[in-house]
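Heads up: the structure comes next, in structure tokens.
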Amino acid sequence: YQDILKHRPEYLIKNKEIELQEAIGKIDKSEFLPTIYIGASAGYGTPLLNIQGDAIFSPIIYAQLNIPIFQWGKSQHTRNKNKALIISKQLSLSQTEDNIKKDFTTAINNVSETNKQISIARENLKTAVESLELHTFSYQEGRTSVLDVQSAQLSWLQAYVNVITSYLDNKLALAAYKKIVSDSK
């Protein structure tokens, strides 16, 4: 069953949605972390009025520290929002897992039930054939009416249709099972 889950597209999509929301949460959280910028630049020129006209080498080194202290409430709100979204996506994943499990167990149950229906229908057909043979023999001997033979023929026909229907139902159940399983491969 776990192998089926790992390959079902809807299950994989839900897992990726959770991973994406966790990444979005990290990105949102990074907005409220302290940042430091350090840099250096250099150039030729004069910072003041240059009377002599000489080019002077002027290096600049700078550092900037940004600590967002006035946004702590917003940070907590953003974290809570992302936690709620992740929990929502996890619940959606759980629901998808339950749906896949339900489909899988339903398919297995349908295959089992249609196998039982086939054996019951075959037994009924066997009984209908025996009844038809008996009524036909009795009619030839003059012991029963043609109406009894026709009734036995009708019973045989219905039993034969039931066998065909049960085989069809079994094939449809097998197809549904294979669809669920083959989606995972």
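Side notes on the structure shown:
- Residue list for region 87-122, given a label point 7 angstrom along the Cα-to-Cβ vector of residue 176 and an amide N cut-off under 16 Å: 99-118
- Taking Cβ atoms as reference points and 12 Å as the exclusive limit, the residues near residue 68 contribute a net charge of +1, counting Lys and Arg as +1 and Asp and Glu as -1.
- Residues with amide H under 5 Å from that of residue 144, placed H, sequence gap 5 or more: 139
- In this structure, residue 164 and residue 3 have a Cβ-Cβ separation that, at R0 = 45 Å, corresponds to a calculated FRET efficiency of about 0.85.
- Shown is the FRET efficiency for residue 134 and residue 113, computed with R0 = 35 Å from the Cβ-Cβ distance and rounded to the nearest 0.05: 0.65.
- Local charge for residue 108 was computed over the other residues whose Cβ lies under 12 Å away, with Lys and Arg +1 and Asp and Glu -1, and equals +1.
- If R0 is 45 Å, the Cβ-Cβ spacing of residue 88 and residue 151 corresponds to a FRET efficiency of close to 0.10.
- Kirkwood-type radius of the chain, with distances r between different C-alpha atoms, in Å: 24.8 Å
- Temperature 25 °C, viscosity 0.890 mPa s: under these conditions the Stokes-Einstein estimate for region 77-185, based on its Kirkwood radius over C-alpha pairs, is 137 µm² per second.
- Sum of -39500 (n - 2.57) over DSSP H runs of 4+, divided by residues of the chain (222 nm, nearest 500): -26500 deg cm²/dmol
- Candidate cross-link partners of residue 26 among the lysines, defined by an alpha-carbon separation under 17 Å and a same-chain spacing of 8 or more, comprise 16, 74, 81, 83, 89.
- Amide hydrogen neighbours beyond the local backbone of residue 8, cut-off 5 Å, H modeled: none
Taken together, the values in this text are just the output of simple stated rules run on the coordinates, not laboratory data. These numbers come from a predicted model, not from an experiment. Neighbour counts are summed over all protein chains in view; Cβ atoms, including those assigned to glycine, are modelled from backbone coordinates with ideal geometry.
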